[in-house]
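One structure is given here, and the rest of the page talks about it.
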Amino acid sequence: MKVYSPDRIRNVVLVGHQGSGKTSLAESMLYVSKKIRRLGTITEGSTVSDYQPSEKERQMSIFSTLLHAEWKDHKINIMDTPGYPDFVGEVVAAVRVADTSIFVMNAQEGIEVGTELAWNAATENHKPVMFVINQIDRPQADVDSLITQMRDRFGSGITIVQFPGGDPNSLIDVLVMKQITFKAGSQDPPTFSEIPDEFRERAEELHNALVEDIAVSDEELMEKYLETERLTEDEMRAGLRDAMLSRSLYPVFCTVATTNVGTARLMSFIDNVAPSPVDVAPLPVSQGKSSELDVSANPVVFVYRTMAEHHVGDYSFFRVCNGTIESGMDLENPQSGTVERLGQLYVLCGRDRETVPSMSAGDLGALVKLRDTHTNNTLRKKGDNIIIEPIPFPEPRYREAIRAKTEGEEDKLAQGLHQITSEDPSLVVVHEPHLSQISLGGQGAMHLKVAQYRLKSKVNVEVEYARPRVAYRETVTTEARDSYRHKKQTGGAGQFADISVLIEPLDGEFQKRPDINVRNVAQAKTAWGSTIEFIDAIVGGVIDMRRFFGAIQKGVLEGMQRGPVAGYPVGDVRFVIYDGGMHSVDSNENAFRTAARMVFRESFRKAKPVILEPIHDVEVTVPDTYTGDVMGDLNGRRATIKGMEAEGIMQKILVQVPEAELYQYSTRVRSMTQGRGIHSARFSHYQAMPRNVQEEVVATAAKADQE
């Protein structure tokens, strides 16, 4: 395959909800471009894109797939992405490196969750957008109603380029003002003819609207349009490209992907109008400065995805951000501090790969067997200072505790988790030693089910999931004082330590007390993320704090690992040592360590202790018709409603919810909204739980201790 210059490259990503027909459209694009000879189907498991066993088994896309086709002396890189919300991480990565996001819409179903998530990704990355309304041949298809929904949700920039003709194989194209007729299932080019009388009035109305939309986005075109009341086809193409780049217009096309209706015209639009890498803004950088696209500049490569392939090794999928790369070239990875020698450069079409001698700026490809380069890494010429900004993958929405089914396979599990999270950064592993638990977070139940399958296939370890334990904390709500004398005589040297302490919340006001004389302050950050403050307020040397202050801190920290209420770690308390005693012979560090641990527990119980629970900021986005059901369910989850925001036909509910109430919530919200709702959650803070809930937690902890 020849090497293409940046102006001859188009990078598009197909996004949208599951079932909209993205994979079928990708297959059709390959077929009409004669990249493949036979049109595969999802039901037969014969598409170029969905080639992984797990995808064939479920008849759905799980991973993004890089494809390419040649069309009229251009190379079109096509990324087919999953539509099921659990695999949105694949979408986010592909959108980042694409130049145009093509939203594939199901003509029967309207706007769905997968579309919403992809829209957020395209908006955050400022990507040009176009829409393809697919499956227009279905009995329940309603293109006009869908376009109304699209305008309500995505704004007035929705501009119609095509609408269905009377013939199932015909489209009325208002950009070229022709009826385009396709030979269903064929690779033959379509035929162009005059628009039938029954569609002419509407076509002229939409053509004029399209011309006005294009002219409004460009001052020069507007002046010409006002003078002549028309624009040439070339002017319309150029104006439409500029409007796409500014995200002021989103052109709408129609297809029946399974029969190739509309596909060839779509390919020609991508070729003639869609932005090239030369037109779009460079990928954002976190270090250094981006420069204009130049094939002779120093090479910069961004790895947006990694994937292990059986019998091949680890693929590193990349975009050439600048310069030209060649096989055998040495590039520096600033994140790992290593120098990578590039092996064979591959252009991919599903599982098929072709080698190329070099690749220019703007192109997409893959490498294998890089030593220490992973997703979100930059490769650059040694001595350069540029680093491409990492892709921000979505926070987990669903979490389960995970363990190996077979005892003794913990190392294999750790190896497998490292591998699958390297390939999919939207999977997050959390090790929680104080809970004796490893948890795996993802986007939903399906996401974790696929992770379970991948662990078995990659490292041959079977895992099981369980409800994760919540990382509760214990603290005090008021001041308390107590004393403890540790005295032990065992024949030889004894042990003696006497301590009087004050314990209070970290935001207490002990400094206002006249009986406290602060001599030294020490703070400790615990492994569980809390702060403990130790105050030396000993007067008259009754305890030699130069010798024993460290031992006292160790004793208290030991006691804080398992709090007196329910065994959860203690945090955010102040511990003041203000009196005590010691023995010239029998006092030692062990004695004061023990006394400190014991006096901590006793004083803690007197200071009105409470259990703190983690609270999450949650956003729930649902169609307006489901708002009441979702709000009622949230109230049952002890949620605090913070507000609501309208987003077109959707409502975003802003709440704070205890983590314990969010277990499997993503499944629940999808069930309540017929798959149209989605939520996101992020840790906010800890707060004291209600007394009745605390009693349940204490009882559960006591039962667990007995078992």
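The values are calculated or read from the model by the stated rules, or taken from the named source; none is laboratory data. Keep in mind it's a predicted model, so treat the numbers as computed, not measured. When we count neighbours, we look across all protein chains shown, and the Cβ atoms used for this are built from the backbone with ideal geometry, even at glycine. Accessible surface is based on the protein model in full, side chains and every heavy atom, while ligands, DNA and RNA are left aside. Shrake-Rupley method; radii C 1.70, N 1.55, O 1.52, S 1.80 Å.
Here the ratio of the Cα radius of gyration of the range 131-245 to 2.2 N^0.38 Å is 1.14. On a per residue basis, the range 454-555 carries 52 Å² of accessible surface, using protein heavy atoms and a 1.4 Å probe. From the largest down, the chain spans 109, 59, 54 angstrom on the principal axes of its Cα atoms.
Per residue, the range 157-252 exposes an accessible area of 50 Å² to a 1.4 Å probe, with every protein chain left in place. Rolling a 1.4 Å probe over the heavy atoms of the protein chains gives the range 325-399 an accessible area of 44 Å² per residue.
Apply 1/(1 + (r/R0)^6) to the Cβ-Cβ distance of ARG247 and SER584, taking R0 = 56 Å, and write down the FRET efficiency to the nearest 0.05. Don't skip to the end; give the middle numbers.
On the way: r = 80 Å, r/R0 = 1.42.
The pair ARG247/SER584 has a calculated efficiency of 0.10.
Along the axis of the charge dipole computed for the chain (Cβ charges of +1 for Lys and Arg, -1 for Asp and Glu, origin at the Cα centre), the listed residues THR65, VAL339, SER327 are led at the positive end by VAL339.
Separation of the range 633-707 and the range 256-331 by C-alpha centroid, Å? First find each Cα centre; the distance between them is then 40 Å. Short to long, the 10 Å bins of the Cα pair-distance histogram for the range 519-611 hold 16, 51, 27, 6, 0 percent of all pairs. If the chain linking GLN437 and SER5 were pulled fully straight, counting 0.36 nm for each residue of separation and taking away their Cα-Cα distance, it would gain 150.3 nm. Between the helical axis of 113-124 and the longest alpha-carbon principal axis of the chain there is an angle of about 90 degrees. In plain terms, the chain from LYS72 to GLU395 could stretch by 112.1 nm, reckoned as 0.36 nm per residue minus the Cα-Cα distance.
Checking every one of the trypsin sites (Lys or Arg not before Pro) in the range 65-130 against DSSP loop status and a limit of 15 other Cβ atoms within 10 Å picks out LYS72.
Specify the angular offset, from 0 to 90 degrees and rounded to the nearest 10, of the alpha carbon long axis of helix 445-459 from the longest principal axis of the alpha carbons in the chain. Its long axis makes an angle of about 80 degrees. What shape does the range 22-120 take by its C-alpha gyration tensor, where a ≥ b ≥ c are the square roots of the eigenvalues and a/c under 1.5 counts as rounded, a/b above b/c as prolate, and the rest as oblate? In terms of gyration-tensor shape, oblate.
Using a cut-off of 29 Å between Cα atoms, the listed pairs LYS449/LYS703; LYS22/LYS183; LYS381/LYS456 include LYS449/LYS703; LYS381/LYS456 as exceeding that distance.
Over all directions, how big on average is the projection of the convex hull of the alpha-carbon atoms in the range 251-369, in square nanometres? Numbers along the way, then the final one.
Details: hull surface 39.1 nm².
Taking the Cα atoms of the range 251-369, their convex hull projects to 9.8 nm² on average.
Kirkwood hydrodynamic radius of the range 103-190 from all distinct Cα pairs, in Å? Every distinct Cα pair counted, the radius reaches 14.4 Å.
For the range 1-80, the calculated P(r), taken from all Cα-Cα distances in 5 Å bins from zero up to the bin holding the longest distance, is 3, 16, 26, 24, 16, 9, 5, 1 percent.
Full extension of the chain between GLN140 and ASP352 gives 72.6 nm of extra length, using 0.36 nm per residue less the Cα-Cα distance. Here's the picture: charge each Lys and Arg Cβ at +1 and each Asp and Glu Cβ at -1 in the chain, and of GLN553, SER54, GLN687 the one pushed furthest to the positive end of that dipole is GLN553. Note on ALA414 and VAL542: their simple-model spin labels are 4.8 nm apart, each label 7 Å out from Cα toward Cβ. The distance from the alpha carbon centre of the range 414-471 to that of the range 588-608 is 39 Å, rounded to a whole number. About its Cα centre, the chain has a charge dipole of approximately 2880 debye under the convention of +1 per Lys or Arg Cβ and -1 per Asp or Glu Cβ, with nothing else charged.
Where the centre of each part is set by its Cα atoms, how far does the range 223-252 sit from the range 1-50, in angstrom? Measuring centre to centre over Cα atoms gives 28 Å.
Overall dimensions of the range 463-599, expressed as equivalent-ellipsoid semi-axes from the Cα gyration tensor (√(5λ), whole Å, largest first), are 28, 20, 12. So what's the back-of-envelope 222 nm ellipticity for the chain, counting only DSSP H runs of four-plus at -39500 (n - 2.57) apiece and dividing by all residues, rounded to 500? Helix-only estimate at 222 nm: -9000 deg cm²/dmol. D by Stokes-Einstein for the range 69-129, Kirkwood Rh over Cα pairs, 25 °C, 0.890 mPa s: 197 µm²/s. Which percent of the accessible area of the chain is formed by carbon and sulfur heavy atoms (probe 1.4 angstrom)? Carbon and sulfur: 45 percent of the exposed surface of the chain.
Evaluated on the range 603-707, the Kirkwood hydrodynamic radius is 15.3 Å, with distances taken between all distinct Cα atoms.
Placing a pseudo-label 7 Å from each Cα along the Cα-to-Cβ vector at GLN187 and VAL518 gives an inter-label distance of 8.1 nm.
Sort the following peptides by mean Cβ neighbour count (other Cβ atoms within 10 Å, averaged over residues), highest first: 162-170, 519-527.
Values: 162-170: 18.2, 519-527: 12.6.
Ranked from most to least packed, the peptides come out as 162-170, 519-527.
Once the convex hull of all Cα atoms in the range 301-401 is built, its volume per residue stands at 135 Å³. Scaled against the 2.2 N^0.38 Å expected of a compact globular protein of N residues, the Cα radius of gyration of the range 528-674 reads 1.66.
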